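The structure appears right after this line, and notes come after that.
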Amino acid sequence: MTEIYREISITTFSSQNSDTDVAALRSLFRAAGWAAFVILLGMLIHNMNALWLEPTYLGFVDKARDYGDMAKIQNAVEACTLSEPQLCSFKYSGFAHMLNGLLFLYLAVVAQILFRRSSPVLGQLAFVAGLLAGLGFLATGVSDIPGTVYGTLLRELNPAENDAILLATTMIRGVVNIIAITGLSLFAAFFGRAVLKTGVFSKWGAWWGFTLLLPGLGGLISPVFGFSYLVLVLPWLIWLGMQFRKLAGS
């Protein structure tokens with residue numbers, strides 16, 4: 001039994017440090033590895049949308065201006081059909097955001113457990129940041145899917161307020177998405193610092209996590225700076241998934 005499993009199981013389960021406790025931890029970390037890879041898939045969907053589908057088929061070329069054009073937003077919301085799946089990028093992003101939000105909540109709990117004994121303060125900070133990321137991404141997805149349905153109903157019943165409703169929903173989505181990106185960047189930084197301190201994972205991904213502070217903190221100044229997280233997060237998620245799977249022994 002490795003030292004890390006001995007320490008974690010004593011603080012998380014009981015002082016007995018039984019084989020059952022270790023098996024539970026392995027399952028916990030194995031699931032965390034899968035969670036990181038599923039989030040990676042969601043981020044690849046976002047990259048596909050931002051870099052291909054939305055500029056090619058929906059006209060979102062200038063990220064600083066086009067996402068504030070309510071005519072383009074309305075077209076993107078209403079254009080999606082089963083016969084033209086290339087126009088459904090907003091729905092793809094919405095479902096990916098919701099799933100990623102739920103999985104980040106799980107990773108937040110796992111980070112707290114992983115560092116509970118070896119680096120409790122950083123573990124708690126990673127937990128809070130993970131909650132922020134998870135709730136932010138979940139709220140973004142809720143805005144994209146059920147929020148869009150509700151917004152469409154309101155626009156149909158209040159046609160004179162069409163643009164105002166679109167502006168309000170776009171504003172809400174943009175704000176919660178920035179909260180999500182900031183939470184993600186802080187989670188990567190706190191998690192990486194804890195890894196460097198404890199040596200539980202390889203160091204390259206821990207250092208790479210600090211690059212996510214650039215879009216996370218930059219997005220608090222201007223949302224345009226936050227978009228770069230979509231590319232920067234990919235290597236970090238691959239590292240995170242591989243390291244959790246290795247820790248679980250599979």
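The values are calculated or read from the model by the stated rules, or taken from the named source; none is laboratory data. Being a predicted model, the structure only gives us computed values, none of them experimental. With ideal geometry, Cβ positions are generated from the backbone for all residues, glycine too; neighbour counts draw on all protein chains shown. The protein model used for the area step is the full one, side chains on, heavy atoms only, and it has no ligands, DNA or RNA in it. Shrake-Rupley method; radii C 1.70, N 1.55, O 1.52, S 1.80 Å.
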*(1) in contact with a helix residue (DSSP H, G or I) (Cβ under 7 Å, 6 or more places away or on another chain); (2) assigned to a helix (DSSP H, G or I); (3) more than 20 Å from Phe127 (Cα to Cα); (4) open to solvent by 50 Å² or more (accessible area, probe 1.4 Å): which one isn't true of Phe210, the others all being true?*
(3)
*Val175 vs. criteria hydrophobic (A, V, I, L, M, F, W, C) and open to solvent by less than 10 Å² (accessible area, probe 1.4 Å)*: no
*Of these, Ala36, Ala64, which one is open to solvent by 20 Å² or more (accessible area, probe 1.4 Å) and in contact (Cβ under 8 Å) with a residue 24 or more places away in the chain?*
Ala64
*Candidate set: the stretch 194-207, residues that are in contact (Cβ under 8 Å) with a residue 12 or more places away in the chain and not hydrophobic (A, V, I, L, M, F, W, C); chosen: the one most open to solvent (accessible area, probe 1.4 Å)*: Lys197
*Only one residue in Phe187, Phe227, Phe191 is modelled with pLDDT under 95 and either hydrophobic (A, V, I, L, M, F, W, C) or open to solvent by 40 Å² or more (accessible area, probe 1.4 Å) (or both), so which one is that?*
Phe227
*What residue, among those in the stretch 62-79 that are assigned to a loop (DSSP other than H, G, I, E, B) and of a type in the set (Gly, Ala, Ser), is nearest to Val176 (Cα to Cα)?*
Ala64
*With the condition kept exactly as written, say whether any residue in the stretch 237-245 is of a type in the set (D, E, K, R), open to solvent by less than 50 Å² (accessible area, probe 1.4 Å) and assigned to a helix (DSSP H, G or I).*
yes
*For residues that are within 20 Å of the chain's Cα centre (by Cα) and at positive phi, tally how many sit in the stretch 51-108.*
0
*Looking at the stretch 136-166, which of the residues that are surrounded by fewer than 19 Cβ atoms within 10 Å (Cβ to Cβ) and among the acidic types (Asp, Glu) is nearest to Ile73 (Cα to Cα)?*
Asp163
*asked:* Is it the case, given these coordinates, that Ser14 is modelled with pLDDT under 65 and either surrounded by fewer than 19 Cβ atoms within 10 Å (Cβ to Cβ) or closer than 21 Å to Leu138 by Cβ (or both)?
replied: yes
*Is there a residue being open to solvent by 20 Å² or more (accessible area, probe 1.4 Å), in contact with a Gly (Cβ under 7 Å, 6 or more places away or on another chain) and assigned to a helix (DSSP H, G or I) anywhere in the stretch 112-124?*
yes
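May I ask you to list the residues in the stretch 187-215 that are within 19 Å of Ala111 (Cβ to Cβ) and in contact with a Gly (Cβ under 7 Å, 6 or more places away or on another chain)? Steps first, please.
Pass one, the stretch 187-215, residues within 19 Å of Ala111 (Cβ to Cβ): 187-213.
Result: Phe187, Ala188, Ala189, Phe191, Gly192, Ala194, Ala206, Trp207, Gly209, Phe210.
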*Would you tally the residues in the stretch 80-110 being open to solvent by 20 Å² or more (accessible area, probe 1.4 Å) and assigned to a loop (DSSP other than H, G, I, E, B)?*
3
